[in-house]
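A short write-up of the structure that comes next.
Computed from the coordinates by the stated procedures, all read-outs in this text should not be read as laboratory data. Just so it is clear, the structure is predicted and the values come from calculations on it, not from any experiment. We place every Cβ from the backbone using ideal geometry, glycine too, and count neighbours over all the protein chains shown.
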Amino acid sequence: MQRTLGVCYYPEHWPEERWETDASQMAATGLSWVRIGEFAWSLMEPEPGRFDWAWLDRAVETLGAAGLKVVMGTPTATPPRWMIDKYPDMLAVDANGHPRKFGSRRHYDFSHLGYREEAHRIARLMAERYGSNPYVAAWQIDNEYDCHDTTLSYSQAARKGFQDWLAQRYQSTDALNRAWGNVFWSMQYESFDQVELPNLTVTEPNHAHQLAFRRYSSDQVVAFNKVQADEIRKHTNAPLIHNYMGRIMTFDHWAVGADLDIASWDSYPIGFLSDRLEGTSEEKQFYLRQGHPDMQAFHHDLYRGVGRGRLWVMEQQPGPVNWAPYNPAPLPGMARLWAWEAFAHGAETVCYFRWRQAPFAQEQMHAALLRPDAAPAPALAEARQVADEIATLPDVGTADAKVALVVDYESAWAWDAQPQGRDFDMFRLAFAAYRALRRGGLNIDIIPPDTADLSNYRLVLAPGLMRISDTLRAALAKFDGIALVGPRTDTKTDELGIPTPLGPDLPDVSVSVVMTESLPPNDAIPLASGGVFKHWFEHLEGDAKIYLQTANGQPAVMGQQHLRYLAGWPDDMTFRQIIASLCEELGLNYAEMPEGLRVRETKTHRFVFNYASAPRQWGQVEIPAAGVHWEDL
């Protein structure tokens with residue numbers, strides 16, 4: 001499949017006489033796709049039941065006539081003001097009991113069944129009108145689920161929905177009380193309508209109660225997405241997409257993705273560096289204008305998995321954003337580098353956000369391919385360069401990875417409910433494992449926790465899984481590579497209790513976690529071979545082989561040839577050393593990348609990306625700052 005570029009466009013923001021000029025300039029830049037519609041409900045339906053489709057019809061016709069393919073977005077992330085008058089209780093409520101009012105976006109509650117039906121209705125009407133339109137070649141459902149922390153709502157709609165969900169899951173309050181251990185602190189319930197939402201309690205709510213609410217809330221996102229997807233499919237064969245975000249773990253992306261054809265995400269590397277990633281001040285300064293070199297790659301690999309091999313970037317940062325604590329401009333060349341990195345990781349399409357910078361409202365400081373006065377912004381030339389390069393470079397495909405990383409959203413909810421250490425975070429742990437793998441130049445697949453077949457891989461990492469699913473356990477039992485699981489993997493029950501016998505329950509491996517320590521930032525557990533564990537350490541017992549010890553002789557890695565348990569959270573250097581040793585044992589090439597350089601191999605090419613702000617040497621080739629080099633395999 002030929003790689004393509006696109007852009008996000010809002011015809012409703014500009015005079016109609018400008019549309020044809022914009023469309024022709026997009027095509028001249030080498031763009032193939034244009035996303036529209038996702039925030040325009042108030043223009044489509046200015047009053048309940050009164051529609052104005054004519055302007056959108058003309059926009060689609062103008063863009064299509066210029067040779068552009070349209071991604072039509074359903075506008076359900078921005079319900080109009082009249083919708084709040086119709087359903088005053090549809091607004092989400094925060095954990096402090098405050099309604100999240102009208103005046104920006106994402107002001108709806110996933111649990112509100114009346115609004116869910118309205119979302120279904122507008123999706124149906126749009127699909128009936130545009131489903132067979134030859135210019136509408138893909139559909140985006142809603143926009144950025146959980147943006148602005150909107151998965152969880154503590155509303156009356158959520159309370160009632162949660163109680164019904166609990167009744168279906170547990171069937172009786174006796175079963176719920178046993179599952180949650182409600183005999184502790186006299187927390188037993190006699191009816192499901194007594195169960196409140198887990199907020200505003202005197203001290204922490206029961207962890208199992210919190211986990212149940214997180215499961216319920218994720219199910220509401222899945223259901224909200226599904227009602228639109230199912231309706232749109234009745235009227236079109238075009239692929240269905242959602243644009244996920246970076247470092248969002250509040251709902252199960254694997255479950256949402258099961259109802260879609262393509263997973264896309266919104267890539268804002270510089271914004272994420274300051275807003276969503278831990279790191280030293282020196283590291284953040286080093287990558288200030290480039291973004292962290294592994295953050296984008298992690299999400300490319302994650303969402304390629306969620307999309308079952310089909311990945312887009314629906315929004316790519318072109319310049320300073322408006323929403324991070326500080327918003328520097330990208331280093332010249334980064335808009336090109338980020339696009340090529342996405343393609344090397346399997347992206348079919350990269351869409352820049354946005355075509356022209358808005359001169360009004362909340363996002364007016366967010367840069368685009370054009371300035372507010374319609375003059376070219378710096379990233380426009382880089383987009384044109386990528387388009388020219390795509391035309392000369394054949395489809396690079398995606399290469400088979402020999403390494404896999406298991407990522408589980410349910411475990412993220414469990415550890416949010418019961419972190420045990422202030423800095424324990426599922427994303428941080430998974431990302432630490434990914435960084436160590438990628439620093440060694442490895443191709444990585446990110447796979448779901450119910451994966452049934454690991455035969456394509458030689459090395460599998462499964463850190464921080466609350467429990468190992470039956471399907472994954474069976475796959476691990478047959479695996480003939482090396483699986484490194486842990487820390488904190490399979491040490492809890494499905495209800496976040498401690499099992500008897502103690503976990504993990506690993507096939508044919510005698511090892512148990514008998515005590516757990518969370519470590520403050522100023523402490524570490526040194527290893528006998530050098531390196532340290534930070535944040536987390538587990539005391540192990542059992543008859544399994546000890547592969548690695550702490551400096552005082554405690555087991556650090558135990559297991560058997562194919563399945564091993566990691567008892568702590570290695571720091572970055574130690575994680576790389578552990579993985580390099582496993583790769584050597586497996587005959588995999590682990591080549592430590594210099595600071596700033598990263599590699600991704602495709603079926604036909606090796607791509608090298610320079611995230612440094614100065615040139616870097618790759619063999620005989622000098623790669624400039626923010627440069628991309630590719631070579632035949």
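Between residue 545 and residues 5 or more places away or on another chain, which pairs have amide H atoms under 5 Å apart, with H built 1.01 Å from N, and which residues are they?
Here the answer is 559, since their amide H atoms fall under 5 Å of that of residue 545.
Let's test the formula: R0 of 30 Å, r as the Cβ-Cβ distance of residue 12 and residue 230. What FRET efficiency results, to the nearest 0.05?
Approximately 0.60, to the nearest 0.05.
How large are Rg and Dmax for the range 403-586 when calculated on the C-alpha trace, in angstrom?
For the range 403-586, the Cα-based Rg and Dmax read 14.8, 41 Å.
Taking 0.36 nm per residue of separation and subtracting the Cα-Cα distance, what length does fully extending residue 539 through residue 113 add?
Here the segment from residue 539 to residue 113 would lengthen by 148.6 nm.
Rounded if a/c is under 1.5, else prolate if a/b beats b/c, else oblate: with a ≥ b ≥ c from the C-alpha gyration tensor eigenvalues square-rooted, which is the range 156-209?
It comes out oblate by the Cα gyration axes.
Determine the gain in length on full extension of the stretch residue 89-residue 329; use 0.36 nm per residue of separation and subtract their C-alpha separation, reporting nm with one decimal.
Taking 0.36 nm per residue and subtracting the Cα distance, the gain is 82.3 nm.
In Å, the Kirkwood hydrodynamic radius of the range 46-139 over pairs of distinct alpha carbons?
Evaluated on the range 46-139, it is 15.0 Å.
Starting from the eigenvalues of the Cα gyration tensor, five times each then square-rooted, give me the equivalent ellipsoid semi-axes of the range 504-633, largest first, whole Å.
37, 19, 11
Could you tell me which of the pairs 69/226; 284/545; 402/534; 101/226; 226/478; 234/478 are separated by over 32 angstrom between their Cα atoms in the structure shown?
Pairs exceeding 32 Å: 284/545; 226/478; 234/478.
Highest first, please rank the peptides 354-363, 216-225 by the mean number of other Cβ atoms sitting within 10 Å of their residues.
Per-residue Cβ counts within 10 Å, averaged per peptide and sorted highest first, yield 216-225, 354-363.
Cα centroids of the range 579-618 and the range 17-52: how far apart, whole angstrom?
41 Å
Just to confirm the filter: which GluC sites (Glu not before Pro) across the range 508-604 are DSSP coil and have at most 16 other Cβ within 10 angstrom of their Cβ?
Answer in residue order: 592, 595.
Relative contact order for the range 213-351: what is it in percent, counting Cα pairs under 8 Å that are at least 6 residues apart?
24 percent
Among 306-318, 551-563, what's the highest-first ranking by average C-beta atoms within 10 angstrom per residue?
306-318, 551-563
When a footprinting reagent is the concern and you count Cβ atoms within 10 Å, what order do 623, 390, 141 take, fewest first?
Exposure proxy ranking, most exposed first: 623, 390, 141.
Could you pull out the trypsin sites (Lys or Arg not before Pro) across the range 179-259 that fall in loop regions by DSSP (anything but H, G, I, E, B) with no more than 14 other Cβ atoms inside 10 Å?
Answer by residue number: 234.
For a label point 7 Å from the Cα of residue 65 along Cα→C-beta, name the residues of the range 100-142 whose backbone N is under 16 Å from it.
134-136
Whole Å is fine, so just give me how far the alpha carbon centre of the range 63-82 lies from that of the range 340-411.
Spelled out, the Cα-based centre of one part sits 19 Å from the other.
Whole number please: convex hull volume per residue of the Cα set in the chain, in Å³?
156 Å³
In a shell of Cβ-Cβ distance under 14 Å around residue 67, excluding residue 67 itself, what net charge do Lys and Arg (+1) and Asp and Glu (-1) give?
-2
What does the highest-first list of 432-439, 270-277, 185-192 look like by mean Cβ count within 10 Å?
The packing order, highest mean first, is 432-439, 270-277, 185-192.
Multiplying the sequence separation of residue 498 and residue 523 by 0.36 nm and subtracting their Cα-Cα distance, what value in nm do you get?
This chain segment gains 6.4 nm when fully extended.
Please tell me the relative contact order of the chain in percent, rounded to the nearest whole number, where contacts are Cα pairs under 8 Å and at least six residues apart.
11 percent
With no solvent and one equal point scatterer per Cα, compute the Debye intensity ratio I(q)/I(0) for the range 302-341 at 0.28, 0.33 Å⁻¹ and report its log10, rounded to two decimals.
Each listed q corresponds, in turn, to -0.95, -1.08.
If you plug each phi of the range 74-89 into the Karplus form 6.51 cos²θ - 1.76 cosθ + 1.60 with θ = phi - 60°, what whole-Hz ³J(HN,Hα) values come out, in order, with x for Gly and Pro?
6, x, 6, 6, 9, x, x, 4, 5, 5, 5, 5, 6, 10, x, 8
Once you put a point 7 Å from the Cα of residue 561 and another 7 Å from the Cα of residue 420, both along the Cβ direction, what distance in nm separates them?
If labels sit at residue 561 and residue 420, their model points lie 3.2 nm apart.
Out of the chymotrypsin sites (Phe, Trp or Tyr not before Pro) in the range 63-170, which ones are loop residues according to DSSP with at most 13 other C-beta atoms within 10 Å?
Answer in residue order: no site qualifies.
So for the pair residue 50, residue 470, with labels modelled 7 Å out along Cα→Cβ, what separation do we get in nm?
The modelled label-to-label distance comes out at 5.7 nm.
With both bridge residues required to lie in the chain, what share of the DSSP beta bridges run antiparallel, to the nearest 5%?
Taking every DSSP beta bridge within the chain, about 45 percent pair in antiparallel fashion.
How far is it, in nm, from the label point at residue 584 to the one at residue 164 when both lie 7 Å from their Cα along the line to the Cβ?
For the pair residue 584/residue 164, the computed spacing is 5.9 nm.
How big is the gap, in Å, between the Cα center of the range 449-471 and the Cα center of the range 234-253?
23 Å
Going 7 Å from the Cα of residue 237 along its beta-carbon direction, which residues of the range 109-152 have the amide nitrogen within less than 14 Å of the resulting point?
Taking a point 7 Å out along Cα→Cβ of residue 237, the residues of the range 109-152 whose backbone N falls under 14 Å are 132-134, 137-138.
Between residue 2 and residue 572, take the C-beta separation as r, use R0 = 45 Å, and let me know the FRET efficiency to the nearest 0.05.
The formula returns an efficiency of 0.75 here.
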